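First up is the structure itself, then whatever we jot down about it.
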Amino acid sequence: MAGIEKLGSVISNVDDLEKGAQVATSLLQERANDVRANRVNWQSYLQGQMISHEVFEFISKFDSGNSEVRTAMLQKNPTQFAVTFYILISQIAKDQTLQYILTMLDDALQEDKSRVEIFKEYAKKRKDSVYSPFFHLLDREDKFIVYQSSRIIGKIACWSKEPMDKKNLHFYLNWLKDQLKHTSNEYLQTAARCLQMMLRIEVYRLAFMEVEGISAIVSVLAGSKVGFQIQYQLTFCLWCITFNSTLAEKVNKYNIIPILADILSESVKEKVTRIILATFRNLLEKPGEKECIQEHALAMVQCKVLKQLELLEGRKFDDPDIVDDLKFVSEKLLSSVQDLSSFDEYSTEVKSGRLEWSPVHKSDRFWRENALRLNEKNYELLKILVRLLESSRDPLILSVAAHDIGEYVRYYPRGKNMIEQLGAKQLVMQYLSHEDPNVRYEALIAVQKLMVHNCYHE
């Protein structure tokens, strides 16, 4: 299946899951079913003079009618639809009633996507933003109201003929991003679902990159507490993003390949496997730069994805897309391995942040030939080693990083000045008293290399 067609097909399947009250796929939808069952007594609002007779006539008929009745009402008087819901949302403060109004509106939009244009036209006449009434509700204490409003905002943004304006778009995407930060958020699935909707649209994908949205997704996926549904939804978001060739070249700076590789190795859910393989395929297919594709392939090799693919090839999958993606990714990675130099292997390992005692670290020949290359791209690899010494708590990573710093100055003595500028000498020395004996040993050897004048030359 071709990329964009495939994207549309999978997204339409997700949309189908959300139609109707029968299937509750998230806490919000589950509670929406309960909200629908608690009908509002509109007569009491009329008698209490909280709504006008005109609003009462429209909402009571709209609420009690079937889809044919609602369609006929909107064809006859579309403006009254927008007027009524605007008035109800702005004038009714009771949480339970507001929950019902928002759920009814959400259902009405789901019933016919073109209805969002009625709201947009009315807002334009009022010289107001169509999103304003719903943005105001994002500050409410009642979380059902907050997230039902966020769904409506997403639907208007995705189903309108014109895209959301940049100011409101950045506000909404930042708001969604903030919701992901609270992994204990019981409505996390709904926030993720809103992102899934938004990121099908190219201009929204670009804006999401502008607000550093990927870092929020990665922080959730890297955590150990999220379930398979969130893993699927957020990987789906990454998959959407990687359809853009420019974005596909940029996403791995957020370290998504190691994180997805870990999820792939642990997941037993087919839909999670499918979406990760599809994302890996995009990362190996969409970037315009061959160097970027090779970098992604090497990162996957470094993260043991090939071994995982071998295991997956032994399983039977009903979905032909999985089989196709599995074959594509395997062939691409095997091809990359054949072209792999020892420095490529080392570079990929360092960039992944997952240092281990692979053969290159202990090879005198490797360091003799490649120590100078740690200076390339403004000392990129050297700076990563220093950052790992600063931030890692893993004794293995600390041991290897200290060892490599020592080998760098052993084979490139002029590198000592840069080591001192980057603060690496001080970092290594502090590990002389580390609780792990291997870290202490490698730190001691590295310090000796930093201190002595050696006989190796450039």
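The values are calculated or read from the model by the stated rules, or taken from the named source; none is laboratory data. All of these numbers come straight from a predicted model, not from anything done at the bench. Cβ sites come from the backbone with ideal geometry, for glycine too, and all protein chains shown count toward neighbours.
Identify all residues within region 267-309 that are modelled with pLDDT under 90 and of a type in the set (Asp, Glu); write none if there are none.
GLU289, GLU291, GLU295
Scan region 200-212 for residues that are touching a residue at least 40 places away in the same chain (Cβ under 8 Å) and either surrounded by 24 or more Cβ atoms within 10 Å (Cβ to Cβ) or of a type in the set (Ser, Thr, Tyr) (or both) and jot them down. Break it down into steps so the answer makes sense when it comes.
So in region 200-212, the residues touching a residue at least 40 places away in the same chain (Cβ under 8 Å) come out as 200-207, 209-211.
Correct list: TYR204 only.
Among (1) closer than 15 Å to ALA248 by Cα; (2) free of Cβ contacts under 8 Å to residues at least 60 places away in the same chain, which single condition is ALA278 missing?
Failed condition: (2).
Take region 348-375 and flag every residue that is assigned to a helix (DSSP H, G or I), in contact with a Ser or Thr (Cβ under 9 Å, 6 or more places away or on another chain) and within 30 Å of ALA222 (Cα to Cα).
Matches in region 348-375: GLU349, PRO359, VAL360.
Go through region 155-175 residue by residue and tally those that are of a type in the set (Gly, Ala, Ser) and either within 12 Å of GLY213 (Cβ to Cβ) or outside any helix (DSSP H, G or I) (or both).
Residues in region 155-175 being of a type in the set (Gly, Ala, Ser) and either within 12 Å of GLY213 (Cβ to Cβ) or outside any helix (DSSP H, G or I) (or both): 1 in total.
Suppose the filter is within 14 Å of the chain's Cα centre (by Cα), at pLDDT below 95 and closer than 22 Å to ALA108 by Cα; does GLN189 pass it?
Yes; evaluated as a whole, the condition is true for this residue.
Does THR279 fit the bill of being crowded, with 22+ Cβ neighbours inside 10 Å, in contact with a helix residue (DSSP H, G or I) (Cβ under 6 Å, 6 or more places away or on another chain) and of a type in the set (Ser, Thr, Tyr)?
Here the answer is yes, as THR279 does meet what is asked.
Quick check: is even one residue across region 142-151 more than 26 Å from the chain's Cα centre (by Cα), within 29 Å of GLN75 (Cβ to Cβ) and not β-branched (Val, Ile, Thr)?
No, region 142-151 has no match at all.
For region 142-171, how many residues are touching a residue at least 40 places away in the same chain (Cβ under 8 Å) and over 19 Å from LEU109 (Cα atoms)?
4
Select from region 427-447 the residues that are touching a Pro at 6+ places or on another chain (Cβ under 7 Å) and part of a helix (DSSP H, G or I) and write down the one among them that is surrounded by the most Cβ atoms within 10 Å (Cβ to Cβ).
Looking at residues that are touching a Pro at 6+ places or on another chain (Cβ under 7 Å) and part of a helix (DSSP H, G or I), I get VAL439.
Each row is one residue, and each column tells you yes or no for (1) without any contact (Cβ under 8 Å) to a residue 24 or more places away in the chain; (2) among the charged types (D, E, K, R); (3) closer than 24 Å to GLU162 by Cα.
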| position | (1), (2), (3) |
| --- | --- |
| THR71 | no, no, yes |
| ALA82 | no, no, yes |
| ILE87 | no, no, no |
| TYR100 | no, no, no |
| ILE118 | no, no, yes |
| GLU121 | no, yes, yes |
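Got at least one residue in region 181-190 being within 21 Å of TRP239 (Cα to Cα), in contact with a helix residue (DSSP H, G or I) (Cβ under 7 Å, 6 or more places away or on another chain), among the charged types (D, E, K, R) and surrounded by fewer than 20 Cβ atoms within 10 Å (Cβ to Cβ)?
yes
What about LYS155, is it crowded, with 17+ Cβ neighbours inside 10 Å and under 22 Å from TYR100 (Cα atoms)?
Yes.
Filter region 163-199 down to residues that are under 18 Å from ILE230 (Cα atoms) and of a type in the set (D, E, K, R), then give me how many there are.
Here the count works out to 5.
Going through region 381-398 one residue at a time, which ones are without any contact (Cβ under 8 Å) to a residue 12 or more places away in the chain and either hydrophobic (A, V, I, L, M, F, W, C) or assigned to a helix (DSSP H, G or I) (or both)?
ARG387, SER391
Here is a list of conditions, (1) more than 25 Å from the chain's Cα centre (by Cα); (2) surrounded by 18 or more Cβ atoms within 10 Å (Cβ to Cβ); (3) not hydrophobic (A, V, I, L, M, F, W, C), and TYR172 meets all of them except one; can you say which number that is?
(1)
So which residues in region 327-351 are closer than 14 Å to LYS290 by Cα and charged (D, E, K, R)?
Of everything in region 327-351, those that are closer than 14 Å to LYS290 by Cα and charged (D, E, K, R) turn out to be LYS332, ASP339.
Scan region 321-335 and give yes if some residue there is in contact with a Pro (Cβ under 6 Å, 6 or more places away or on another chain), under 20 Å from LEU283 (Cβ atoms) and part of a helix (DSSP H, G or I), otherwise no.
Restricting attention to region 321-335, the residues satisfying the condition of being in contact with a Pro (Cβ under 6 Å, 6 or more places away or on another chain) are none.
There is no residue in region 321-335 that is in contact with a Pro (Cβ under 6 Å, 6 or more places away or on another chain), under 20 Å from LEU283 (Cβ atoms) and part of a helix (DSSP H, G or I).
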